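Asker: Pasting in a structure now, in structure tokens, and then I'll have a few things to ask.
The values are calculated or read from the model by the stated rules, or taken from the named source; none is laboratory data. Predicted, not measured: the structure shown is a model, and the values here were computed from it. With ideal geometry, Cβ positions are generated from the backbone for all residues, glycine too; neighbour counts draw on all protein chains shown. Accessible surface is based on the protein model in full, side chains and every heavy atom, while ligands, DNA and RNA are left aside. Shrake-Rupley method; radii C 1.70, N 1.55, O 1.52, S 1.80 Å.
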Amino acid sequence: MSDAISGSSDGFSSIVDRLDYPMFVVTTRAVNERSGCLVGFATQSAIDPPRFLVGLSDKNRTFRVATAADHLAVHVLDRRHLSLARLFGERTGDEVDKFARCHWTEGPHGLPILDDAAAWFTGEILGRFDLGDHVGFLLAPDRGELRGDLTDLVTFRDVRDLDAGHDP
């Protein structure tokens, strides 16, 4: 099986379609408004000082709330809680209160922290960068909690068939 890359983005698509990235739920709060969404574009971007980059779709409510926020919370889910990935990936906060449908507590910086996450961390937003149809939020992680062994994470393959709350 070979897909040539030169001169075409089809080769790139063939490659990334086969990768199985971890998925995250990102939550935020600005003023009195909470929001959260499922995110597939996120990665550690530096070691010293630690930095994490989150890509939020410019079409969803979480992006709109995050533009007025100072911090984000990033949650890692294990497969036991795939229903949380579905909730935050298929439903839009424009139509439902996702936080009324799950267990959460107020965490650092007043951010909603999902009780069933295998791990979570918060970070100050250092900058926002246009990435095309997503905006990158560069975070300086400041607090977090590891609650599990992170060996059975929700990945892209687990959610690739979700019907997104907003069109991509």
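Asker: For segment 137-159, which positions are open to solvent by less than 70 Å² (accessible area, probe 1.4 Å) and of a type in the set (S, T, N, Q)?
Answerer: Once the filter is applied, which keeps residues that are open to solvent by less than 70 Å² (accessible area, probe 1.4 Å) and of a type in the set (S, T, N, Q), segment 137-159 yields only 155.
Asker: Follow-up question, since we're still on this one. Take the residues of segment 26-61 that are among the β-branched types (Val, Ile, Thr) and at pLDDT 95 or above: which is farthest from the chain's Cα centre (by Cα)?
Answerer: It comes out as 47.
Asker: Any residue in segment 155-168 that is basic (Lys, Arg) sitting within a Cβ distance under 8 Å of a residue that is modelled with pLDDT of 75 or more? List the pairs, counting only those 6 or more apart or interchain.
Answerer: Here the result reads 157/20, each pair linking segment 155-168 to a residue that is modelled with pLDDT of 75 or more.
Asker: State yes or no: is residue 163 over 18 Å from residue 39 (Cα atoms), among the charged types (D, E, K, R) and in contact with an Asp or Glu (Cβ under 9 Å, 6 or more places away or on another chain)?
Answerer: So residue 163 fails the test.
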